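A.B. asks: Input: one structure, supplied below.
The values are calculated or read from the model by the stated rules, or taken from the named source; none is laboratory data. Predicted model only: the values in this text are computed from it and were never measured. Here the Cβ positions follow ideal geometry from the backbone for every residue, glycine too, while neighbour counts run over all protein chains shown.
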Amino acid sequence: MGADPMLELSEYFFFAGLIATILALVGYVLALASVRVARTQPALAGPQPSAGTVTVVRGEPGGLASFGTLTTWLALAFLTGTLVLRAVATGHGPFSNMYEFSIAFAWGSLAVYLYFERRYRLWVLGVVVLPVAVALLLYATTLPTAADPLVPALQNSLLLTVHVAVAIVAYGAFAVAFAAAILFLIQSRFAARRLPNAQLLDDISYRATLVGFPFLTLVIVLGALWAEVAWGRYWSWDPKETASLVTWLICGAYLHARVVRGWRGERAALLLMAVFVATLFTFFGNLFFGGLHSYA
Amino acid sequence: MSQVIRTTATRHRRTHEPVADPDDRVSIAPSYVLDRIFRFFISMKLGLALLLVLALLTLAGTLIAQVPSGMKSDPQAYAAWLDGVRPKYRGWTGTLDRLQLFSVFTSIWFRAAMALLITSLLACSIHRAPRLWQKAARPRMRMPDAFFERAPLGAQISSSSTPDSALAGLTQAFRSHHFRVTAEEHEGVTYVCADRFRWGPFGRVVAHLSFVVILVGGLIGSTWGFRDNELAVPVGSRVTVGHGTGLSVEATSFSDSYYMNGAPSDFASDLVVYKGDKAVRTQTVRVNHPLRYDGISFYQSFFGPAAAMRVSTPTGARVFDGGVPLPWGSDDGKHRIGRFVLPEQGLTVFLVGPASGEVDRTIQAGQIQLEVYKTGQDAPVATQVASQGKPARIAGLDFTFVRERQFTGLIVARDPGSWLVWLGATLLVAGMFVVFFFPHRRVRASIKPAPGGSETAVAATWRNDARFEADFDDIVDDVQLAIDRASTT
């Protein structure tokens, strides 16, 4: 749909965002690799710093890490531009097909990651979150970019925008929780000197889940509300609906696992990884199992 | 001048179990057997296991083809459906069927896990609610010294101020952090309990119980509600809704419109709802815009061709006059099929018309094929192709295909449980936000007189509230400052 200059501009923003995300990832990977040299750096030294408070781990990231973070902000800005331009061009939230939804998912992962990075100075999470964002954006490049008008079921501007916007926050939070959980597992198995201590990673994954879980609940509730209006029933065991319930149940299991002896730590982290796999399954599910969510 | 000795917060939770606040300890019911049962249901391990089992079953329900609802009660249709999926699941088809995995969400496994989960949720709520109440309303005041020494977050403040002014300073510091402060003196030691968001943990009870509310709402809806997924209303005709509603619905028009790319843009039916013979509601129903009347909802769902038919006796008496929807497609996709019944004559009439875009030599555009059966018999009395406007005489009646029409397909449903579902959903989300964003924060302190002043110990346990740690440090800083100030004045 090259006819609309806004959509064309939005494509340029998209590619700029993709390039920025890749550059940021490169920066972070190099930063992580260079930590080995700067072993004394307080930010990342040793698996068990003396007082494991959040403030202690907050060291100055090296130049490469700063570059990574700055470029991630840039990527977020570009992708925001992509989404805003598409929303303006189409007159509804940019969430009506897989192309738009993939970009929005990547946007959510970057946004939630940057929030945690800002708050806890944990740029190392970016080493896991950014590949997820890059993969989503590369996937988006394979999809048709046409801004097709909405089919009748999607003609509910308010719910389309809110339901999916909330989903993006939830998915982004699960991406960050997943990143922290992976790093936690690596840390607790191999005591990697380059990574922050396991306790902090465990806390971060829990905090990200505390954002993700209520938002996912809201996604499901809003989805049910919409389904009642558009499909005539609030729950119809539609595959995408069901997949989101799987995610919700595993996430609920994770929260309970944290207070059950023998499930804390590694097993809980594995559950969080399952949450993210289920999230991806929910996201991509409609591609292979049809159902009422056939559009995105 | 006071001196602060912060106890270092050991945060290696895997090796170090946080000291439990005595209020959190579980007390036990008297009867042994009942106690064992109760303990089984309130165990977090059971909840965890059930959630994982439900997650696995739900996953199975997503991955394995599920039989459409209602079809399982019809053995013939179910067998046909099973044959349809057999190529996909091959030798596993029988096993999956026996394990009820083609209907996971009504299977014994799913129902049993749900029932156990509800029991567990209720038991947990009964068990926890009074304890939360006690914790919020009447917290235990006197804490042993060991608590202050071993709590995960702690600080010791020695000061030259008197115990009374230390208490005043401490109270002021806590209040500035929006904490409620209660104090009690016992054998010369002042025990302080300061807390904030003490009603937050009730969000947990609300969230857990709301899950039960949602399921109860779903159960009520499926037990006492009704749902008709295939109410086809030909344009210009009135169709009774049934299910004891006394309603009928007329479609005065239907339109389907499309975008340039062929995708649908709108389906709209102009409907009139009648109660008896009185029109009670007129509305254009679209996808996303249902018509609601007296607890009954009409949703736009599907559409298709219909035939306006007239049947009369040779003397001209009307037997039937109305639209007949042709909602079914033939197996080869070339024809649309509909059916109507003439109860007084004991006849069932099948109408077969060409599907749109299909060219058929036997039934051409502007024609319809009539297959008339004596109700209950397998062989037709007659099969005849009728052209529009030309009566065809079959079984002593004149059948006239008046014209082609469209029908609009509606879902009509009454769900008396839906308000509970929405109430539960609201409570679930609200409860969850309260639990996660307003966790109960409680800090304990003890003030002892010491030579030359006072000794203040501040301690807190924290579970699942990671943000609290930094706040605790801030509070201790302020407490120290306030006690300091109290000693110099």
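A.B. asks: Looking at this structure, is B:V311 under 29 Å from the mean Cα position of the chain (by Cα), β-branched (V, I, T), buried (at least 16 other Cβ atoms within 10 Å of the Cβ) and in a strand (DSSP E or B)?
C.D. replies: Numbers: under 29 Å from the mean Cα position of the chain (by Cα): no; β-branched (V, I, T): yes; buried (at least 16 other Cβ atoms within 10 Å of the Cβ): yes; in a strand (DSSP E or B): yes.
No.
A.B. asks: Enumerate the helices (runs of 4 or more DSSP H) found wholly within region A:73-190, keeping only those where 2 or more residues are charged (D, E, K, R).
C.D. replies: Values: elements: A:98-120, A:126-141, A:157-190.
Ranges flagged: A:98-120.
A.B. asks: Looking only at residues that are within 8 Å of another protein chain (Cβ to nearest Cβ) and surrounded by fewer than 24 Cβ atoms within 10 Å (Cβ to Cβ) in region A:253-273, which one is modelled with the highest pLDDT? Spell out how you get there, then give the answer.
C.D. replies: Taking region A:253-273 first, the residues within 8 Å of another protein chain (Cβ to nearest Cβ) are A:253, A:256-260, A:263-265.
Checking the rest, the ones that are also surrounded by fewer than 24 Cβ atoms within 10 Å (Cβ to Cβ) come to A:256, A:258-260, A:263-265.
Values: A:H256: 91, A:R258: 86, A:V259: 79, A:V260: 80, A:W263: 85, A:R264: 82, A:G265: 86.
This residue is A:H256.
A.B. asks: To continue, here is another question. Looking only at region A:223-246, decide whether some residue is β-branched (V, I, T), facing chain B (nearest Cβ under 8 Å), crowded, with 22+ Cβ neighbours inside 10 Å and more than 30 Å from A:L9 (Cα to Cα).
C.D. replies: Initial filter on region A:223-246 (β-branched (V, I, T)): A:229, A:242, A:246.
This time we only want the ones that are facing chain B (nearest Cβ under 8 Å), so: A:229, A:242, A:246.
Checking which are crowded, with 22+ Cβ neighbours inside 10 Å leaves us with A:242, A:246.
Filter once more, so that each one left must be more than 30 Å from A:L9 (Cα to Cα): A:242, A:246.
Checking region A:223-246: at least one residue is β-branched (V, I, T), facing chain B (nearest Cβ under 8 Å), crowded, with 22+ Cβ neighbours inside 10 Å and more than 30 Å from A:L9 (Cα to Cα).
A.B. asks: Select from region B:294-307 the residues that are in a strand (DSSP E or B) and within 23 Å of the chain's Cα centre (by Cα) and write down the one among them that is farthest from A:G232 (Cα to Cα).
C.D. replies: Filtering region B:294-307 down to residues in a strand (DSSP E or B) leaves B:296-307.
Remaining after also requiring within 23 Å of the chain's Cα centre (by Cα): B:296-301.
Details: B:I296: 11, B:S297: 8, B:F298: 8, B:Y299: 6, B:Q300: 8, B:S301: 8 Å.
Step by step, filter region B:294-307, then rank; the result is B:I296.
A.B. asks: Taking the criterion of being of a type in the set (A, V, I, L, M) and modelled with pLDDT under 90, would at least one residue in region B:113-120 satisfy it? Reasoning before the result, please.
C.D. replies: Our first condition is that a residue be of a type in the set (A, V, I, L, M); within region B:113-120, this holds for B:113-118.
Filter once more, keeping what is modelled with pLDDT under 90: none.
No, region B:113-120 contains no residue that is of a type in the set (A, V, I, L, M) and modelled with pLDDT under 90.
A.B. asks: Against the definition (in the same structural domain as B:K275 (by TED's automatic domain parsing), outside any loop (DSSP other than H, G, I, E, B), of a type outside the set (F, W, Y) and modelled with pLDDT of 90 or more), how does B:V213 come out, yes or no?
C.D. replies: Values: in the same structural domain as B:K275 (by TED's automatic domain parsing): no; outside any loop (DSSP other than H, G, I, E, B): yes; of a type outside the set (F, W, Y): yes; modelled with pLDDT of 90 or more: yes.
Spelling it out, it is not the case that B:V213 is in the same structural domain as B:K275 (by TED's automatic domain parsing), outside any loop (DSSP other than H, G, I, E, B), of a type outside the set (F, W, Y) and modelled with pLDDT of 90 or more.
A.B. asks: So B:W462 clears everything in (1) surrounded by 22 or more Cβ atoms within 10 Å (Cβ to Cβ); (2) assigned to a loop (DSSP other than H, G, I, E, B) except one condition, right? Which one?
C.D. replies: Against the list (1) surrounded by 22 or more Cβ atoms within 10 Å (Cβ to Cβ); (2) assigned to a loop (DSSP other than H, G, I, E, B), B:W462 comes up short only on (1).
A.B. asks: Hey, another quick one. Pull out all pairs, ordered by first then second residue, where Cβ-Cβ is under 7 Å, the residues are six or more apart or on different chains, the first lies in region A:152-173 and is buried (at least 20 other Cβ atoms within 10 Å of the Cβ), and the second is basic (K, R).
C.D. replies: Every condition considered, the pairs that remain are A:P152/B:R286.
A.B. asks: For region B:284-297, which residues satisfy the criterion of being of a type outside the set (A, V, I, L, M, F, W, C) and closer than 17 Å to B:R414 by Cβ?
C.D. replies: Just the residues of region B:284-297 that are of a type outside the set (A, V, I, L, M, F, W, C), to begin with: B:284, B:286, B:288-290, B:292-295, B:297.
The answer is B:P290, B:R292, B:Y293, B:D294, B:G295, B:S297.
A.B. asks: Would you point out the residue of region A:1-59, among those that are within 14 Å of another protein chain (Cβ to nearest Cβ) and assigned to a helix (DSSP H, G or I), that is modelled with the highest pLDDT?
C.D. replies: Start the filter on region A:1-59 by keeping residues that are within 14 Å of another protein chain (Cβ to nearest Cβ), which leaves A:1, A:3, A:46-58.
The next check asks that each one be assigned to a helix (DSSP H, G or I); those that pass are A:54-57.
Numbers: A:V54: 32, A:T55: 30, A:V56: 30, A:V57: 35.
In this case the residue turns out to be A:V57.
A.B. asks: To continue, here is another question. Search region B:402-426 for residues being among the charged types (D, E, K, R) and within 12 Å of chain A (Cβ to nearest Cβ), and hand back the single one that is surrounded by the most Cβ atoms within 10 Å (Cβ to Cβ).
C.D. replies: Filtering region B:402-426 down to residues among the charged types (D, E, K, R) leaves B:403-405, B:414-415.
Keeping just the survivors that are within 12 Å of chain A (Cβ to nearest Cβ) gives B:414-415.
Numbers: B:R414: 19, B:D415: 24.
Per the stated criteria, the residue is B:D415.
A.B. asks: Still on this structure, I have one more. Only one residue in B:S73, B:S69 is among the small types (G, A, S) and within 14 Å of chain A (Cβ to nearest Cβ). Which one? Quick ask: steps written out before the conclusion?
C.D. replies: Details: B:S73 fails: within 14 Å of chain A (Cβ to nearest Cβ).
B:S69 is the lone residue from the list that is among the small types (G, A, S) and within 14 Å of chain A (Cβ to nearest Cβ).
A.B. asks: Failed condition for B:V421, given (1) in a loop (DSSP other than H, G, I, E, B); (2) under 30 Å from B:I214 (Cα atoms), with all others met?
C.D. replies: Here B:V421 meets the rest and fails (1).
A.B. asks: For region A:200-222, which positions are facing another protein chain (nearest Cβ under 9 Å) and among the β-branched types (V, I, T)?
C.D. replies: A:I204, A:V211, A:T217, A:I220, A:V221
A.B. asks: I would also like to ask the following. Check B:V429 against each of (1) in contact with a Gly (Cβ under 8 Å, 6 or more places away or on another chain); (2) within 30 Å of B:F226 (Cα to Cα); (3) within 12 Å of chain A (Cβ to nearest Cβ); (4) not polar (S, T, N, Q) and name the one condition it does not meet.
C.D. replies: Unmet condition: (1).
A.B. asks: Can you name the condition, by its number, that B:M141 falls short on among (1) touching a helix residue (DSSP H, G or I) at 6+ places or on another chain (Cβ under 9 Å); (2) of a type in the set (A, V, I, L, M, F, W, C); (3) outside any helix (DSSP H, G or I)?
C.D. replies: Every condition holds for B:M141 apart from (1).
A.B. asks: Can you name the residue in region B:272-303 that is among the small types (G, A, S) and surrounded by fewer than 16 Cβ atoms within 10 Å (Cβ to Cβ) and is also nearest to the other protein chains (Cβ to nearest Cβ) among such residues?
C.D. replies: Kept after step one, since they are among the small types (G, A, S), are these residues of region B:272-303: B:276, B:279, B:295, B:297, B:301.
Now drop any that are not surrounded by fewer than 16 Cβ atoms within 10 Å (Cβ to Cβ), which leaves B:276, B:279, B:295.
Details: B:G276: 25, B:A279: 23, B:G295: 14 Å.
Per the stated criteria, the residue is B:G295.
A.B. asks: I'd like to check which helices (runs of 4 or more DSSP H) are fully inside region B:42-120 and have at least 1 residues that are of a type in the set (K, R), in contact with a Gly (Cβ under 9 Å, 6 or more places away or on another chain) and under 24 Å from A:V259 (Cβ atoms).
C.D. replies: Values: elements: B:44-63, B:75-89, B:92-98.
In region B:42-120, B:44-63 are the helices (runs of 4 or more DSSP H) which contain 1 or more residues that are of a type in the set (K, R), in contact with a Gly (Cβ under 9 Å, 6 or more places away or on another chain) and under 24 Å from A:V259 (Cβ atoms).
A.B. asks: Still on this model: Report whether or not B:S222 is surrounded by 16 or more Cβ atoms within 10 Å (Cβ to Cβ), hydroxyl-bearing (S, T, Y), touching a residue at least 12 places away in the same chain (Cβ under 8 Å) and under 21 Å from B:D415 (Cα atoms).
C.D. replies: no
A.B. asks: Please verify whether region B:392-403 includes one or more residues that are assigned to a strand (DSSP E or B) and touching an Asp or Glu at 6+ places or on another chain (Cβ under 8 Å). Lay out the reasoning, then the answer.
C.D. replies: In the first step, residues of region B:392-403 are kept if they are assigned to a strand (DSSP E or B); the result is B:392-394, B:397-403.
Right, trim to touching an Asp or Glu at 6+ places or on another chain (Cβ under 8 Å) and you get B:392.
Within region B:392-403, one or more residues are assigned to a strand (DSSP E or B) and touching an Asp or Glu at 6+ places or on another chain (Cβ under 8 Å).
A.B. asks: Go through (1) out of contact with any strand residue (DSSP E or B) (no Cβ under 7 Å at 6 or more places or on another chain); (2) at positive phi and name the single condition B:G295 misses.
C.D. replies: Going through the list (1) out of contact with any strand residue (DSSP E or B) (no Cβ under 7 Å at 6 or more places or on another chain); (2) at positive phi, B:G295 breaks only (1).
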